[in-house]
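Since every read-out is calculated from the coordinates, none of them should be taken as a lab result. Owing to the predicted nature of the structure, the values given are computational and were not obtained by experimental measurement. A quick note on method: Cβ atoms are made from the backbone with ideal geometry, for glycine too, and the neighbour counts reach across all protein chains shown.
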Amino acid sequence: MRNKEIAELFNQIADALEFKNENFFKVLAYRKAARVLEELVDDVAELDRTGKLMELPGIGRAIAEKIAEYLATGRMKKYEEVTKDIPASLLELLNIQNIGPKTLALAYKELSVKTIADMKKAIASGRLKELPMMGEKKAENILKGIELYERSHERLAINIAEEVAARVVAYLKQNALVSNVSAAGSLRRWKETIGDIDILATGKDGKKIIGIFTRYPETREVAAAGDTKGSIVVDEGVQVDLRIVDEKSYGAALQYFTGSKEHNVKLRAIAAAKGLKLNEYGLYRGKKFVAGKTEEEIYRYLGLAWIEPELREDRGEIEAALKNKLPRLVEMKDIRGDLQMHSTYSDSEATIEELAAEAQKLDYEYILLTDHSQSARYAHGMEPARLYRQWREIERLNKKFEGFQILKGIEVDILKDGKIDYPDQILKEFDLVIGSIHQGFTKNVTERVSAAMENPYVDIIGHPTGRLISSREGYVIDLNKVMEKAAATGTWLECNAYPDRLDLNDVNLKKAREMGIKISIGTDAHGVPELRWFKFGLETCRRGWLEAREVVNTYPWEKLRLLRKSAQ
DNA sequence: GCCGTTTTCGGCCCGACTGTTTTCAGTCG
């Protein structure tokens, strides 16, 4: 699939056009097309073949033709044209805070700045600050931007961002001047990675509150501090923004700062069509304030049901809300158990007993213990003798519990030849079996996973794409074929809740849902504290529009066992 | 460049903050 490759080209065209000070909306159009391709589950080449490219939102005639051109010839004239007089290293600088297209163009034209190193030199030599509209402070801020970029230009993992935000929110809540403190932005939407952390609060004395905020003990640097808005960089190297609004604007501001940008653009268009104006202070008819204290009243006034933050990505949620057809998203209270975890029997720190004790604290009815199978030597996979020992321990422990049980599971390797790591007579003894790829990431993965799904005892495919958010692309796999096979065989696909995996991801889950595939959530915990990461899987499922009945963890075990394909 | 309950042209996001300037340009979200 070349979706990502083409998306990257469009992003670069957008950067180049921005640098050249082209029409801002044209830049946006390319960025939108890039985003649509990045999130596309289908193969862009297939859509091109069947003439369906222009059915995608944000893809019109001109962009469809460029995609077709690139697929046919491996080249895109537009891309070559707009980038030919720009050094390849230059556009990277646009990602640095306080460097925008104007500053960059000026530094390039006057001082031949082409790289980050050039920019540092231009600042050190004092030449940058001599340019028009530049100055001491401006140069200093660019230098800070470069430092931040070099330290951590990667997005923050959701679990880290959530922790940082929770600490800042708790700090602000201690202060009597502040009320209604809440995280907004991509964190409130539970996006899998977070750029910076947005926090919203209400209070009378904005300036004072911003002052308190900038004295947060973990502040490394204060990037801005005004009457209603402040920005700090905390020790993790992440930027935290705080906005202060009036009580009566709280809902409007929460809506506005939760985003996504694309969702908000569409919402404002709906407002405009009704002769209204929506901004972070409220919904207005002319100068008259008509709504804004809560999000609900804003959506209601626009003729929409309130939309869960996780859905606000402009992936059809506004259309669904207009028709009153929003999904009833699965919630934590629907969940009865965790369906993947490891113990000391393979490669984990936690004993079975410790995992069970923690699971009961979490009010689960069951957990599925899924240690590795024998060929996973790197993970101390279990040969049959150790497996039988584990079963006896599970049986012994289960006698002690009431209203809780440990299910006998396994994360079995799908081998390089597509075979499963245990024979069927062992497999059928498990309560549930997860089949996963842990070896041969580039070798016939689609065929091997498909073959595994033909096995009546393989109930779940674990982390189906194998991606690691921080470090690995994932297997070479045709997910469309895998989903078709999953739907045909009644195999469930996993949403692995491990924060670096979140696999399947939101857009793939939404696609799976549309195909009628059931989803299982597992933390893949390798230690007791990691059982608390379940929420990241749950939230990813919510971003994939999943309802409780579509997530198998919501069924009591008596019902769940009957959903297995071997019981059908 | 896209899009259409304002429909084939004209609108599409605009307000806060900073730093440069001396009334506003650039950047960010």
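Which values of log₁₀ I(q)/I(0), to two decimal places, follow from the Debye formula for segment A:205-339 at q = 0.12, 0.16, 0.20 Å⁻¹ with a uniform point scatterer at every Cα?
Log10 I(q)/I(0), no solvent term: -0.62, -0.91, -1.08.
For segment A:53-92, with only Lys/Arg (+1) and Asp/Glu (-1) charged at the beta-carbon, what is the dipole magnitude about the Cα centre, in debye rounded to 20?
With Lys and Arg at +1 and Asp and Glu at -1, about 100 debye.
Farthest toward the dipole's positive end in chain A, which of A:T370, A:A271, A:Q174, given Cβ charges of +1 (Lys, Arg) and -1 (Asp, Glu) about the Cα centre?
So the residue furthest toward the plus end is A:A271.
Of A:C495, A:P464, A:G206, which is farthest towards the positive pole of chain A's charge dipole, taken about the Cα centre with +1 and -1 on the beta-carbons of Lys, Arg and Asp, Glu respectively?
Result: A:G206, furthest along the dipole toward the positive end.
I need the GluC sites (Glu not before Pro) found in segment A:338-423, filtered to DSSP loop residues with at most 11 other beta carbons within 10 Å of theirs.
A:E402
Distance check, please: which entries in A:K26/A:K229; A:K4/A:K485; A:K288/A:K323; A:K204/A:K510; A:K20/A:K248; A:K207/A:K510 exceed 32 angstrom between their Cα atoms?
A:K204/A:K510; A:K20/A:K248; A:K207/A:K510
When only Cα pairs under 8 Å and 6 or more residues apart are kept, what is the percent relative contact order across segment A:370-489?
21 percent.
Out of all DSSP beta bridges in chain A, what portion is antiparallel? Express it as a percent rounded to 5.
Close to 45 percent.
So which trypsin sites (Lys or Arg not before Pro) in segment A:227-287 end up in coil per DSSP with only 11 or fewer other C-beta atoms within 10 Å?
Those satisfying the criteria are A:K287.
With the Cα gyration tensor of segment A:14-101 in hand, give its eigenvalues times 5 under a square root as the equivalent ellipsoid semi-axes, listed largest first in whole angstrom.
Calculated on Cα positions only, the semi-axes equal 26, 15, 11 Å.
Report, in debye and to the nearest 20, how large the dipole of chain A comes out about its Cα centre when Lys and Arg carry +1 and Asp and Glu carry -1 on their Cβ.
1900
Quick check: Cα centre of segment A:500-515 to Cα centre of segment A:251-305, how many Å?
What the calculation gives is 29 Å, centre to centre.
Choose one of A:A548, A:P327, A:N159: the residue whose Cα lies farthest towards the positive end of the charge dipole of chain A (beta-carbon charges +1 Lys, Arg; -1 Asp, Glu; about the Cα centre).
Of the candidates, A:P327 comes out farthest on the positive side.
Evaluate chain A: find the radius of gyration of its Cα atoms, find its Kirkwood radius, and give the ratio Rg to Rh.
Using only Cα positions, Rg/Rh for chain A is 0.99.
Taking the C-alpha atoms of segment A:324-426, how large are the radius of gyration and the largest Cα-Cα span, Dmax, in Å?
16.0, 55
Kindly provide the trypsin sites (Lys or Arg not before Pro) of segment A:383-432 that DSSP labels as loop, not H, G, I, E or B, and whose Cβ sees at most 12 other Cβ atoms within 10 Å.
Counting only loop positions with at most 12 other Cβ atoms within 10 Å, the trypsin sites (Lys or Arg not before Pro) in segment A:383-432 are A:K399, A:K400, A:K428.
Evaluate the charge dipole of segment A:83-203 about its Cα centre and quote only its size in Debye, nearest 20, assuming +1 on the Cβ of each Lys and Arg and -1 on the Cβ of each Asp and Glu.
It comes to approximately 200 debye.
Just how far, in whole angstrom, is segment A:37-69 from segment A:419-447 if you go by their alpha carbon centroids?
If you average the Cα positions of each part, the centres end up 35 Å apart.
In Å and from the alpha-carbon atoms only, list the Rg and Dmax of segment A:411-488.
When restricted to Cα atoms, segment A:411-488 yields Rg and Dmax of 12.1, 39 Å.
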